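The values are calculated or read from the model by the stated rules, or taken from the named source; none is laboratory data. All figures in this text were calculated on a predicted structure; none of them were measured in a lab. Counting neighbours? That spans all protein chains shown, and the Cβs are built from the backbone with ideal geometry, glycine included. With ligands, DNA and RNA removed, areas are computed over all heavy atoms of the protein, side chains included. Shrake-Rupley method; radii C 1.70, N 1.55, O 1.52, S 1.80 Å.
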Amino acid sequence: MSEATIPFADRLDRLGEVAVRIGLNLQPGQELVVSAPLEAVALVRRITEHAYRAGASLVTTQYSDDEATLARYRFASDDALDHSAQWMADGIARAYREGAARLAITGSNPTLLNGQDPARVSRASRAASRASREAMEIITRFDTNWTIVAFATTAWSQQVFPELPAEQAQARLWDAIFASSRLEAPDPVIAWQQHNAALHAKAAMLNDRRFHTLHFTGPGTDLRVGLADGHAWAGGSERTTNGIDCNPNIPTEEVFTTPHSHRVSGHVSSTKPLFHQGTLIDDIRVTFEGGRIIESHAGKGEDALRRILETDDGAARLGEVALVPHASPISDTGILFRNTLFDENASSHIALGQAYTKCLFDTEGASPDDLASRGANMSMIHIDWMIGSDKIDLDGLHEDGTATPLMRKGEWV
Ligand code: ZN
Ligand code: ZN
């Protein structure tokens, strides 16, 4: 069956099924907490049905509405922006602690907050990060199964295809989401099992090599990213600490690990714009010394970038380095998605902020101080931005300085 002959309702149902069976691998009796834009209700309904069929004990969805979010920035007082629904964040953290799975649907307007005062935006997002700190720790430790999938909202579609009428723009974006999420294979579940096996093999190859440092070079980039002591490469499905194999991102193309928070040096330029919480930050150029960003510039959104870097001690250091070949189903669409879930899976990237404990070997019983001494960064934020392109070369360096070519012009050697 070609993609055009699968009716939209069936493709949406497939996305719901893949989200529940592959993304979450939801277990019988498990609770599920969903967050979604209001417009994604049709997908939420498909997910909810598949979750109950898989044996969910309860599905609870929390909807967000771009217009209501905007009203807050327009009309709430400055002081009110320090307020967050701690009671709700506590409840969600408690649900995860007690074994609930988490599914997030992304797709809000990528530049909703452009034009709002960056000081007010950062005040509110700081308060929100503080409130959800415990929940985020549970997620980054993979103490429960979680996934993120996308819904092509009207506002997002129109920003990706501004030249098209609204309906066509949305149809084009859906085509790209379905194709890159591997939903058009005769059996998407089998396609995902094969894709996971390929990503696991790539991660295993990198784990065998035990590189000390990754060296990225290209236009505007000469960056050495030291890797954390006992770093572990991951990609594709992940096993949670309670033994459930989930796929945290649908789609995904990356293999990634934990950099050493104090061993990053050199300079790097972004290769795609970053759309962070409704704000566009573009043409980023930063310099690292001793793991920390000591100089930062952005062609657009420099103020927003500076505020991100000032969030806390770990915000100007790296918590992730990820490798993605230039040729991939997402990248091959040639689309700038203006959404991190897609753009980070079309390009090698680094992330400011919190590291994934999963990306370290032998962490059982390790305290936060133990992890930090091995190089794992800690922060309230985790923001991925893209540094890969068809002009970037990558070498793996061993401690004695010997170099192994890993990527040339953006492709695996
Ligand atoms: Zn990543
Ligand atoms: Zn990341």
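Within the bounds of the stretch 325-337, is there any residue that is within 16 Å of ligand 2 (Cβ to nearest atom), over 28 Å from Ala179 (Cβ atoms), surrounded by 19 or more Cβ atoms within 10 Å (Cβ to Cβ) and assigned by TED's automatic domain parsing to the domain that holds Lys391? Steps first, answer last, please.
Let us first name the residues in the stretch 325-337 that are within 16 Å of ligand 2 (Cβ to nearest atom), namely 330, 337.
In the following step, the residues that additionally are over 28 Å from Ala179 (Cβ atoms) were identified as none.
No: zero hits.
From (1) more than 30 Å from Phe361 (Cβ to Cβ); (2) open to solvent by less than 10 Å² (accessible area, probe 1.4 Å), pick out the condition that doesn't hold for Val160.
(2)
Go through Arg317, Arg307 for me and flag whichever is within 20 Å of Arg263 (Cα to Cα) and either at pLDDT below 95 or open to solvent by 10 Å² or more (accessible area, probe 1.4 Å) (or both). Reasoning before the result, please.
Values: Arg307 fails: within 20 Å of Arg263 (Cα to Cα).
Of the residues listed, the single one that is within 20 Å of Arg263 (Cα to Cα) and either at pLDDT below 95 or open to solvent by 10 Å² or more (accessible area, probe 1.4 Å) (or both) is Arg317.
State yes or no: is Ile335 within 15 Å of ligand 1 (Cβ to nearest atom), touching a residue at least 24 places away in the same chain (Cβ under 8 Å) and β-branched (Val, Ile, Thr)?
So Ile335 fails the test.
Given the options Thr340, Thr404, name the one that is touching an Asp or Glu at 6+ places or on another chain (Cβ under 8 Å), within 12 Å of ligand 1 (Cβ to nearest atom) and of a type in the set (S, T, N, Q). Show your work before the answer.
Working: Thr404 fails: within 12 Å of ligand 1 (Cβ to nearest atom).
Testing whether each residue is touching an Asp or Glu at 6+ places or on another chain (Cβ under 8 Å), within 12 Å of ligand 1 (Cβ to nearest atom) and of a type in the set (S, T, N, Q) leaves just Thr340.
Looking only at the stretch 372-413, which residues are more than 23 Å from His267 (Cβ to Cβ), open to solvent by less than 30 Å² (accessible area, probe 1.4 Å) and more than 16 Å from ligand 2 (Cβ to nearest atom)?
Once the filter is applied, which keeps residues that are more than 23 Å from His267 (Cβ to Cβ), open to solvent by less than 30 Å² (accessible area, probe 1.4 Å) and more than 16 Å from ligand 2 (Cβ to nearest atom), the stretch 372-413 yields nothing.
I'd like to check something: does the stretch 128-146 contain any residue that is within 19 Å of the chain's Cα centre (by Cα) and assigned to a strand (DSSP E or B)?
The answer is yes; a qualifying residue exists.
Mind checking which residues of the stretch 343-360 are in a strand (DSSP E or B) and either at pLDDT 95 or above or within 11 Å of ligand 1 (Cβ to nearest atom) (or both)? Write out each step before concluding.
Here is the first cut: in the stretch 343-360, the ones in a strand (DSSP E or B) are 349-353, 360.
Selection gives His349, Ile350, Ala351, Leu352, Gly353.
Which ones in the stretch 352-374 are in contact with a helix residue (DSSP H, G or I) (Cβ under 6 Å, 6 or more places away or on another chain) and among the β-branched types (Val, Ile, Thr)?
Narrowing the stretch 352-374 to residues in contact with a helix residue (DSSP H, G or I) (Cβ under 6 Å, 6 or more places away or on another chain): 354, 356, 363.
Scanning the stretch 352-374 gives a single hit, Thr363.
Would you point out which residue out of Ala204, Ala228, Ala198 is within 16 Å of ligand 1 (Cβ to nearest atom) and in the same structural domain as Glu399 (by TED's automatic domain parsing)?
Working: Ala204 fails: within 16 Å of ligand 1 (Cβ to nearest atom); Ala198 fails: within 16 Å of ligand 1 (Cβ to nearest atom).
Being within 16 Å of ligand 1 (Cβ to nearest atom) and in the same structural domain as Glu399 (by TED's automatic domain parsing) holds for just one of Ala204, Ala228, Ala198, which is Ala228.
Could you tell me how many of the residues in the stretch 375-401 are of a type in the set (A, V, I, L, M) and touching a helix residue (DSSP H, G or I) at 6+ places or on another chain (Cβ under 8 Å)?
First, pick out the residues of the stretch 375-401 that are of a type in the set (A, V, I, L, M): 376, 378, 380-381, 383, 386-387, 392, 394, 397.
Retained after the next criterion (residues that are touching a helix residue (DSSP H, G or I) at 6+ places or on another chain (Cβ under 8 Å)): 376, 378, 380-381, 383, 386.
Selection size over the stretch 375-401: 6.
Residues checked against (1) open to solvent by 10 Å² or more (accessible area, probe 1.4 Å); (2) within 16 Å of ligand 1 (Cβ to nearest atom); (3) more than 18 Å from the chain's Cα centre (by Cα); (4) at pLDDT 95 or above:
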position	(1), (2), (3), (4)
Pro248	yes, yes, no, yes
Phe256	yes, yes, no, yes
Ser261	no, no, yes, yes
Gly266	yes, no, yes, yes
Ser269	yes, no, yes, yes
Phe275	yes, yes, no, no
Leu280	yes, no, no, no
Asp283	yes, no, yes, yes
Thr287	yes, no, yes, yes
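Can you tell me which residues in the stretch 108-127 are open to solvent by less than 40 Å² (accessible area, probe 1.4 Å), outside any loop (DSSP other than H, G, I, E, B) and not hydroxyl-bearing (Ser, Thr, Tyr)?
The answer is Ala119, Arg120, Val121, Ala124, Ala127.
Restricting the search to the stretch 147-170, which residues are free of Cβ contacts under 8 Å to residues at least 60 places away in the same chain, within 23 Å of Ser35 (Cα to Cα) and among the small types (Gly, Ala, Ser)? Outline the logic, then answer.
Keep residues of the stretch 147-170 that are free of Cβ contacts under 8 Å to residues at least 60 places away in the same chain, which gives 152, 157-158, 161-170.
If we keep only those that are within 23 Å of Ser35 (Cα to Cα) as well, we get 152, 157-158, 170.
Within the stretch 147-170, Ala152, Ser157 qualify.
Which of the numbered conditions does Ala203 fail, given that it passes all the others? Conditions: (1) closer than 18 Å to Trp146 by Cα; (2) under 21 Å from the mean Cα position of the chain (by Cα); (3) not aromatic (Phe, Trp, Tyr).
(1)
Would you point out the residue of the stretch 341-369, among those that are at negative phi, open to solvent by 40 Å² or more (accessible area, probe 1.4 Å) and in contact (Cβ under 8 Å) with a residue 40 or more places away in the chain, that is farthest from ligand 2 (Cβ to nearest atom)?
Phe361
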